[in-house]
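The next block holds one structure in the form of structure tokens; read it before the comments.
The values are calculated or read from the model by the stated rules, or taken from the named source; none is laboratory data. Since the structure is predicted, the reported quantities are computational estimates derived from the model, not experimental observations. Cβ placement follows ideal geometry from the backbone for every residue including glycine, while neighbour counts extend to all protein chains displayed. The protein model used for the area step is the full one, side chains on, heavy atoms only, and it has no ligands, DNA or RNA in it. Shrake-Rupley method; radii C 1.70, N 1.55, O 1.52, S 1.80 Å.
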Amino acid sequence: MTNINVLPWYKLLLQKRMMVVLLLGFASGLPLGLTASTLQAWYSVENVDIVTIGFLALVGQPYVYKFLWAPLVDRVRPPILGHRRGWMLGTQCVLIALLIAISCFSPSVRPMTVAVIALSIAFMSATQDIVVDAYRTEILAPEERGAGAAMAVTGYRLAIIVSSGLALILAQHLGFKMVYLMMAGVMGVGVIATLWSQEPIHYKAPPPSLWAACIDPFKEFLSRKNAIFFLLLIVLYKLGDAFANSLTTTFLLRGLGFSLEVVGYTNKIIGLSATIVGAFLGGVLMARMGLYRSLLWFGFLQAITNLLFMLLAWVGPNLQMMIAAVCIENLAGGMGTAAFIALLMSLCNPQYTATQFALLSAFSAIGRVFVGPFAGYLVNWLGWTEFFFWTVIFALPGLIVLWCLRESIESNDSKNAPNMDELSDPA
């Protein structure tokens with residue numbers, strides 16, 4: 001196999017397995033955008049009340065609980081394409097069917113029906129994430145984690161641009177029903193990536209029983225030093241961002257009065273492009289700074305940049321200021337996300353990849369899912385300016401826990417990676 005340590009960064013990124021990671025990242029991000037900000041915008045333009053919109057964040061609950069069925073993904077082998085690829089193809093086909101189904105209803109007429117289908121999309125999307133995360137962790141060596149995380153974030157954010165930014169622009173002219181139908185076709189990118197990819201050669205036998213698949217991964221993780229504090233860090237690290245992002249679309253549409261088209265171009269396309277730049281920048285800097293220092297500095301940046309939205313709320317609908325706030329905040333957020341994904345990969349034991357990554361990423365989704373209702377009440381109580389100030393305060397506990405775990409993070413950074421010679425070489 002090629003010695004990846006001597007590859008220039010651009011050649012590393014152009015390897016086939018990195019391209020597959022990019023496309024699978026896109027497939028993971030597409031359903032999330034359609035059940036988060038785009039769904040929020042759909043309810044907003046159809047004049048559903050703000051508290052109900054806040055509760056829409058609960059649609060994302062499967063991302064929190066996905067570790068409960070992750071052992072099935074580790075244990076059950078589909079009859080076609082192999083273990084990982086078979087699961088990916090199955091979930092992607094169901095997602096296409098559900099996106100077609102949701103396009104048949106309207107939240108102003110059947111709000112519960114739309115929410116239930118959106119919940120089903122989130123469930124299948126979370127299941128796809130279990131497999132994609134395991135696949136990525138199994139094919140990347142420790143020194144590839146920064147670049148692989150950057151590629152995954154890039155694909156993920158490109159999908160958000162399509163499913164949020166482009167979707168809002170198209171919805172201005174075509175309506176949301178047509179947009180969701182079109183996104184069902186775009187989901188075919190995931191199918192193409194799955195068929196193009198190669199199945200990793202597993203370096204261990206499947207769990208001997210479903211009981212072992214359910215118990216052993218959690219038992220092994222919880223036996224580690226500081227395991228509980230690592231779970232706490234994963235919940236808290238992006239909590240400030242979770243609060244801010246839960247109602248950013250509604251803030252720009254209702255709080256400041258920008259049009260769907262302006263929000264689509266600026267907050268989604270320009271902003272998420274800045275996230276992609278941030279992810280690549282974060283991946284490059286991680287190679288120099290190491291995981292711990294990257295998490296610390298990137299986490300600090302993604303917290304204080306929320307103050308730009310506080311300033312925007314205080315000044316009012318200033319387009320130039322809005323563009324600057326969105327770009328800077330997303331740049332910092334992309335850097336933080338790349339480091340965060342690398343942290344999750346470093347914490348996975350290769351014997352239990354799917355289940356442990358599902359557990360860790362489920363904990364990371366707690367903030368994104370459950371802060372929505374509280375955020376809605378907080379805005380009603382404090383107003384937008386004070387709300388964004390508090391998003392910075394909510395980010396500080398995660399940085400404190402991170403500082404306390406420095407020694408353990410630096411130790412884990414070089415551990416728990418598969419032997420790359422035992423995996424398929426997709427080059």
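Taking θ as phi - 60°, what are the ³J(HN,Hα) couplings along the stretch 386-398 by the Karplus curve (6.51, -1.76, 1.60), each to the nearest whole Hz, with x for Gly and Pro?
Per-residue couplings from phi come out as 5, 4, 5, 5, 5, 4, 5, 4, 5, 7, 5, x, x Hz.
Roughly how many percent of the accessible protein surface of the stretch 14-198 is carbon and sulfur, given a 1.4 Å probe and a whole-percent answer? Mind dumping the intermediate values first?
On the way: 4320 of 6010 Å².
The value for the stretch 14-198 is 72 percent carbon and sulfur by accessible area.
Per residue, what volume in Å³ does the convex hull of the Cα atoms of the stretch 232-370 enclose?
Hull volume over Cα atoms, normalised by residue count, gives 109 Å³.
Any idea what the dipole of the stretch 212-268 comes to, in debye rounded to 20, about its Cα centre with Lys/Arg Cβ at +1 and Asp/Glu Cβ at -1?
Details: 6 positive and 4 negative charges, 27 e Å.
That gives the stretch 212-268 a dipole magnitude of about 120 debye.
Each residue of the stretch 172-185 in order: what ³J(HN,Hα) in whole Hz does its phi give by Karplus 6.51 cos²θ - 1.76 cosθ + 1.60, θ = phi - 60°, with x for Gly and Pro?
After applying 6.51 cos²θ - 1.76 cosθ + 1.60, I find 4, 10, 10, x, 5, 4, 5, 4, 5, 5, 5, 5, 4, x Hz.
So what J values fall out for the stretch 329-341 if you push phi through Karplus, 6.51 cos²θ - 1.76 cosθ + 1.60 with θ = phi - 60°, rounded to Hz, Gly and Pro as x?
5, 6, 4, 5, x, x, 4, x, 5, 4, 5, 5, 5
Taking the Cα centre of the stretch 209-414 as origin, work out the dipole magnitude from +1 charges on Lys and Arg Cβ and -1 charges on Asp and Glu Cβ, in debye rounded to 20. Write down the numbers at each step before the final one.
Values: 10 positive and 9 negative charges, 16 e Å.
It works out to roughly 80 debye.
Taking a probe of 1.4 Å, how large is the accessible area per residue of the stretch 14-198, in Å²? Write out the running numbers ahead of the final one.
Details: 6010 Å² over 185 residues.
On a per-residue basis, 33 Å².
Would the stretch 240-298 count as rounded, prolate or oblate if I go by the C-alpha gyration tensor, calling it rounded below 1.5 in a/c and otherwise prolate when a/b exceeds b/c, oblate otherwise?
Values: a/c = 5.62, a/b = 2.15, b/c = 2.61.
Oblate.
Scan the stretch 215-285 for trypsin sites (Lys or Arg not before Pro) in coil per DSSP, keeping those whose Cβ has at most 14 other Cβ atoms within 10 Å, and list them by number.
Details: sites: Lys219, Arg224, Lys225, Lys238, Arg254, Lys268; in loops: Arg224, Lys225, Lys238.
Passing both the DSSP loop test and the Cβ count: Arg224, Lys225.
At 7 Å along Cα-to-Cβ for each site, give me the label-to-label distance between Cys404 and Ile80 in nm.
My value for the distance between the label points is 5.0 nm.
Test of the criteria: in the stretch 101-200, which chymotrypsin sites (Phe, Trp or Tyr not before Pro) are in a DSSP loop and have at most 13 other Cβ atoms within 10 angstrom of their Cβ? Could you put the intermediate results ahead of the total?
Values: sites: Phe105, Phe123, Tyr135, Tyr156, Phe176, Tyr180, Trp196; in loops: Phe105.
In loop regions of the stretch 101-200 (DSSP not H, G, I, E or B), there are no sparsely surrounded chymotrypsin sites (Phe, Trp or Tyr not before Pro).
In debye to the nearest 20, how big a dipole does the stretch 14-198 give about its Cα centre with +1 on each Lys and Arg Cβ and -1 on each Asp and Glu Cβ? Don't skip to the end; give the middle numbers.
Details: 12 positive and 8 negative charges, 77 e Å.
Roughly 380 debye, rounded to the nearest 20.
I'd like the Kirkwood hydrodynamic radius of the stretch 62-173, using the inverse of the mean 1/r over distinct C-alpha pairs, in Å. It would help to have the intermediate numbers written out before the result.
Numbers: mean 1/r = 0.0626 Å⁻¹.
Computed over Cα pairs of the stretch 62-173, the Kirkwood hydrodynamic radius comes out at 16.0 Å.
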